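**Student:** Have a look at this one before I ask anything.
Just so it is clear, none of the values below were taken in a lab; they were calculated from the coordinates. Fair warning: this is a prediction, and the values are worked out from it, not measured in the lab. Methodologically, a virtual Cβ is constructed for each residue, glycine included, from the backbone with ideal geometry; neighbour enumeration extends over all protein chains shown.
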Amino acid sequence: MVNLRFVCTLSIAPRDLRMLLCELKYQNVTLKPFDNVLISPLFSRSETIRLVKKLKEDGTIRNLYFDSGGYQVQKGVIGYHALYNHLLRFYQENDWADYYVLPDYPPTSLDSPEQVQQKVRLTVECGRQFYWELPSHLREKTIGVVQGRSLDEVHYCLENYKRLGIKQLGFGSFGTRGSDSGVNILDERSLESIAFIRRHYPEIRLHTFGVGNPPTAYILSKMGVASFDSSGWIKAAAYGNIYFPFTRAYNVSFRRIEKGNGALNEDAFLQLKDLTGHECPFCRDFREISKSRDKRVLHNLLSMVETVESINEHPQVQSVISQWSPNYSKFFKVGKV
Ligand SMILES: [Zn+2]
């Protein structure tokens, strides 16, 4: 089985990125959360792009992914054809990344079957045209995006990408929720599509876009997914939530604890630390992590990296997930985990 790779999505301000780098260095953290990084260059500040380029040059980042920004099309921030043109120009002028995601048009849970079909067709046809417009040395670094609600649509994507000879595919059609359908969620249908891709195209390196808390990472790895990108660690921290290896996010914000409002209290926090064997400089003090967003960000990031590093070694993974994230244990069956 391929070792799962966590790709850290850096849709963050340069101030945040500098803070993360400084703190990890200051605390002598040996884990390397920025080995694999994904940015959406069209939607990143030029200061972030410059900083990421420097980190790639000095070896902090080993694998850099340029994302198409299809998520911004999904949210209605930019039209698909504008994205295509800007992205092509950016890729042609910047050949210093390791992976280049082809443009895509993600359907949302609100789309009719006809709308989904049209978006899938656009993704594949424009992706193919984009592929041929790229310089030849970038073509082998491209990731084709598989979209589609039905297995027929997924199959249509696979057949077309196979013909192009693409070596990496990314799956993006997760269920969505949120008022702008902007949050991807793991569901049975998307897992069936992933299993279908693995069966029909076993030699492909499969990436999944935009999902991945710790229990999700475990499910994806057991399904043969090679890599996934997620910004969940930073979003969770902003809402006062923390992960431990293999657990979902739990709220530790002080106000909710004082109200006794469904949050993780200190006893449960210590129990989870013990059960998962997690230690890091940012969660030594429960009071501090419940008050400091930056500490939660760093702790969550390290919990993600630890999850992925110990995915095949942790003896109690399934019982940790069943006990602390029971909503995810139903996926054990779908993925034949
Ligand atoms: Zn920690």
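**Student:** Give the residue from Q147, Q318, G127 lying farthest towards the positive end of the charge dipole for the chain; charges sit on Cβ (+1 for Lys and Arg, -1 for Asp and Glu) and the dipole is referred to the Cα centre.
**Tutor:** The residue sitting most towards the positive pole is Q318.
**Student:** Which angle from 0 to 90°, rounded to the nearest 10, does the C-alpha axis of helix 266-276 make with the longest principal axis of the chain?
**Tutor:** 60
**Student:** In µm²/s, what is D for region 51-129 at 25 °C and 0.890 mPa s, where D = kT/(6 pi eta Rh) by Stokes-Einstein and Rh is the Kirkwood radius from Cα pairs?
**Tutor:** Details: Rh = 13.9 Å.
D = 177 µm²/s.
**Student:** Rg(Cα) of region 238-327 divided by 2.2 N^0.38 Å?
**Tutor:** Normalised Rg, Cα atoms only: 1.02.
**Student:** Pull up all non-local amide H partners of G175: gap of 5 or more, or a different chain, and H-to-H distance under 5 Å with H placed in the peptide plane.
**Tutor:** I185, D187, S190
**Student:** Exceeding 23 Å between C-alpha atoms, which entries from my cross-link table qualify? They are K54/K222; K75/K222; K53/K295; K32/K295; K32/K54; K75/K167. List each step's numbers first, then the result.
**Tutor:** Numbers: K54/K222 34 Å; K75/K222 30 Å; K53/K295 26 Å; K32/K295 17 Å; K32/K54 16 Å; K75/K167 28 Å.
Violating the 23 Å Cα-Cα cut-off are K54/K222; K75/K222; K53/K295; K75/K167.
**Student:** Over the Cα atoms, compute the radius of gyration (one decimal) and Dmax (the largest Cα-Cα distance, rounded to a whole number) for the chain, in Å.
**Tutor:** Calculated on Cα positions, Rg and Dmax stand at 19.7, 60 Å.
**Student:** Could you give the length gained on full extension between Q27 and S109, defined as 0.36 nm per residue of separation minus the Cα-Cα distance, in nm?
**Tutor:** Gain in length upon complete extension: 25.3 nm.
**Student:** Please compute the modelled spin-label separation between E313 and L270, points set 7 Å along Cα→Cβ, answer in nm with one decimal.
**Tutor:** In this crude spin-label approximation the distance works out to 2.7 nm.
**Student:** Separate question: What residues qualify as long-range amide H neighbours of T208, i.e. H under 5 Å apart, gap of 5 or more or another chain, H built at 1.01 Å from N?
**Tutor:** Under 5 Å from the amide H of T208 lie the amide H atoms of F171, S227, F228, D229, each far enough along the sequence or on another chain.
**Student:** Sticking with this structure for a sec: Cut-off is 10 Å between beta-carbons; in what order do T142, T307 appear when sorted fewest neighbours first?
**Tutor:** T142, T307
**Student:** Angle between the Cα long axis of helix 293-309 and the longest principal axis of the chain, 0 to 90 degrees, nearest 10?
**Tutor:** The angle comes out near 70 degrees.
**Student:** While we're on this one: Give the relative contact order (percent, whole number) for region 1-84; include only Cα pairs under 8 Å separated by 6+ residues.
**Tutor:** With pairs under 8 Å counted, the relative contact order is 30 percent.
**Student:** Next question. Going by C-beta contacts inside 10 Å, put Y131, Y65 in order with the fewest on the left.
**Tutor:** If I rank by nearby Cβ atoms, fewest first, I get Y131, Y65.
**Student:** Oh, and also: Between exposed GluC sites (Glu not before Pro) in the chain, where DSSP calls loop and at most 13 other Cβ atoms lie within 10 Å, what's the longest gap?
**Tutor:** Formally, the longest exposed-site-free interval is 1-139.
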